[in-house]
Amino acid sequence: MNYQARDITDHAVQGPSSYESEIKAAEALLKDKPTWNGVTAEAIARMRLQNRFTTGLDVARYTAALMRADMAAYDADPTKYTQSLGCWHGFVAQQKLISIKKHFGGKTDRCYLYLSGWMVAALRSEFGPLPDQSMHEKTTVPDLIRELYSFLRQADSRELNDIFRELDAAREAGDKAREAAAIAKIDGFHTHVVPVIADIDAGFGNAEATYLLAKKMIEAGACALQIENQVSDEKQCGHQDGKVTVPHEVFLAKIRACRHAFLELGVEDGIIVTRTDSLGAGLTQQIAVSHKPGDLGDQYNSFLDCEEVDATKIGNGDVIISRNGKLLRPKRLASNLYQFRPGTGADRCVLDCITSLQNGADLLWIETERPNIAQVASMVDRIREVIPNAKLAYNNSPSFNWTLNFRWQVFDEWKAAGKDVSKYNRAELMKAEYDDTPLAIEADQLIRTFQADSAKRAGVFHHLITLPTYHTEALTMNNLAKDYFGGQGMLGYVKHVQRQEIRQGIACVKHQNMAGSDIGDDHKEYFAGDAALKAGGVHNTMNQF
């Protein structure tokens, strides 16, 4: 399918008809329903337009097509990379998309949402805060996807409702130009609904368990599933120690499970993002099955840390593999895990990525221990020798100390080039006293252009931050609590929150409107006419804003 040719790349909701034709369709329906007194065609048209996506599968099919179009656009021009922020609540997702539309011309082009398994575990589990080890309830992930899209669809409804009110006001004033402008806004409306890349961890069990969970996630609206090659029952956060990978055939079965789930549900454009943790994973739970030299199992096993043994000196319980006529004993830990040879992580990542792309994956994710374009590019170059259009989603993780990593990078480059670095203490470069120095300024510039540079050099199609809203919430509450309880009282809130909301035009300063009060008032009028008891009258304090 030629996704570049699809008339969908502007991310507009391309409805089946205009506002006028929706009204005419409703009029035709009501014409044969004489007892439906008080139901108006325009109210029906408005409510239908406010509910463009009636099911999660509608969302998944729509957003999958958007994402495929974006992938094709990136292949043609790597400056057209995409971005997302991790969200742990529907309101966070809604405010992100409302802000994007406000600041970037009313569109959401190439802006996605990321659903982080880490944040689900830490913030949404009924067990309370948990580490990123797949211990949270499986159902929490599809529940959150549904929640994200409920809030995005409500943002559509709210914004359209405001335009409908503009239209009514223009009609009451007899202003034909304003009326035409409002109708043009309705017909050209751009939705807040964007792709969600959803973390399915390591599949939460065997391939059947992965398939069942994938179906629930897709039915909730996910067009893209991200799955990692760790063992399910020993899964760790990608930036912690103790990661254990599985042989390729085990992982490929889960990729196929996700693909079957997409196809069963009719989401033929569904995207699978395969993550390799091999760069930082030194252990495996299983020795791969191998039928002949050089097959996939043999390649996986070739990275094992082994020692040659004499056939007459094999001990009780030893596991032995044969390679090139030699008997080898893989080094087994007390945990019954096997370790890989040190220094093989990059080679294993490359093999993982090529194998995944050759077996149904659409995008790659290479989990790294630091943000370094050269490191990622060195692996992507090798992958692209086999699969030229290979591209990545990259975790711009808060687990990295971005300031320190890039200041170290500049310090080391300057020192290697013979520049004078005597005024800098490498061990203390995090200190604020360095913030305005030439070294820190150069490092900040590298951070600023990191995404664009790695999109061009390292094949990164999608840049995401997994946990931004976790950290912004902590920072915001820290500062508010410090001021509010520290003697500033209400000024601590007013000065740093409400006054900024008003001056920056943040929509949720009118929190009643944001929660749907005006939509409810308009519905009351549809249902009860002049008898409707509305909340948005002259005494509503939201009028102060």
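Assess whether Val92 counts as being within 24 Å of Thr210 (Cα to Cα) and not in a loop (DSSP other than H, G, I, E, B).
no
From the list Ser125, Ser134, which one is in contact (Cβ under 8 Å) with a residue 40 or more places away in the chain, part of a loop (DSSP other than H, G, I, E, B) and farther than 30 Å from Ser18 by Cα?
Residue meeting the stated conditions: Ser134.
Scan segment 475-484 and tell me whether some residue there is part of a helix (DSSP H, G or I), out of contact with any helix residue (DSSP H, G or I) (no Cβ under 9 Å at 6 or more places or on another chain) and not polar (S, T, N, Q).
Yes, the conditions are met somewhere in segment 475-484.
Exactly one condition in (1) buried (at least 17 other Cβ atoms within 10 Å of the Cβ); (2) within 24 Å of Ser378 (Cα to Cα); (3) not assigned by the TED database to the domain that holds His462 is not met by Ile354; state its number.
Among (1) buried (at least 17 other Cβ atoms within 10 Å of the Cβ); (2) within 24 Å of Ser378 (Cα to Cα); (3) not assigned by the TED database to the domain that holds His462, the lone unmet condition for Ile354 is (3).
Being loosely packed, with under 13 Cβ neighbours inside 10 Å and closer than 29 Å to Ser116 by Cβ is the filter here; which residues of segment 480-504 pass it?
Ala481, Lys482, Gln500, Gln504
For segment 274-369, which fully contained strands (runs of 3 or more DSSP E) count at least 2 residues that are within 34 Å of the chain's Cα centre (by Cα) and closer than 24 Å to Ala393 by Cβ?
It comes to 363-366.
If you go through segment 382-430, how many residues are over 29 Å from Ile227 (Cα atoms) and of a type in the set (Gly, Ala, Ser)?
5
Considering only residues that are charged (D, E, K, R) and under 15 Å from the mean Cα position of the chain (by Cα), which ones fall in segment 69-93?
Restricting attention to segment 69-93, the residues satisfying the condition of being charged (D, E, K, R) are 70, 75, 77, 80.
Correct list: Asp70 only.
List every residue pair whose Cβ atoms sit under 6 Å apart, with the two residues 6 or more apart in sequence or on different chains, where the first one lies in segment 26-47 and is on the phi > 0 side of the Ramachandran plot and the second, anywhere, is outside any loop (DSSP other than H, G, I, E, B) and loosely packed, with under 14 Cβ neighbours inside 10 Å.
Close Cβ pairs satisfying both conditions: none exist.
Among the residues in segment 365-381, are any touching a Gly at 6+ places or on another chain (Cβ under 6 Å), surrounded by 22 or more Cβ atoms within 10 Å (Cβ to Cβ), aromatic (Phe, Trp, Tyr) and within 17 Å of Gln230 (Cβ to Cβ)?
No, segment 365-381 has no match at all.
Can you tell me which residue in segment 109-122 is farthest from Ala184 (Cα to Cα), limited to those that are touching a residue at least 40 places away in the same chain (Cβ under 8 Å) and more than 14 Å from the chain's Cα centre (by Cα)?
Taking the candidates together, the pick is Ala122.
Looking at segment 394-427 only, could you name the residues that are more than 35 Å from the chain's Cα centre (by Cα) and touching a residue at least 24 places away in the same chain (Cβ under 8 Å)?
Trp414
Look at segment 390-437 and say how many of its residues are among the hydroxyl-bearing types (Ser, Thr, Tyr), more than 30 Å from Tyr74 (Cβ to Cβ) and outside any loop (DSSP other than H, G, I, E, B).
Looking only at that region, the number is 1.
Out of everything in segment 157-197 that is β-branched (Val, Ile, Thr) and in contact with a helix residue (DSSP H, G or I) (Cβ under 7 Å, 6 or more places away or on another chain), what residue ends up being farthest from Ile23 (Cα to Cα)?
Step by step, filter segment 157-197, then rank; the result is Val196.
The values are calculated or read from the model by the stated rules, or taken from the named source; none is laboratory data. Keep in mind that what you see is a predicted model, and the values were worked out from it rather than measured. A quick note on method: Cβ atoms are made from the backbone with ideal geometry, for glycine too, and the neighbour counts reach across all protein chains shown.
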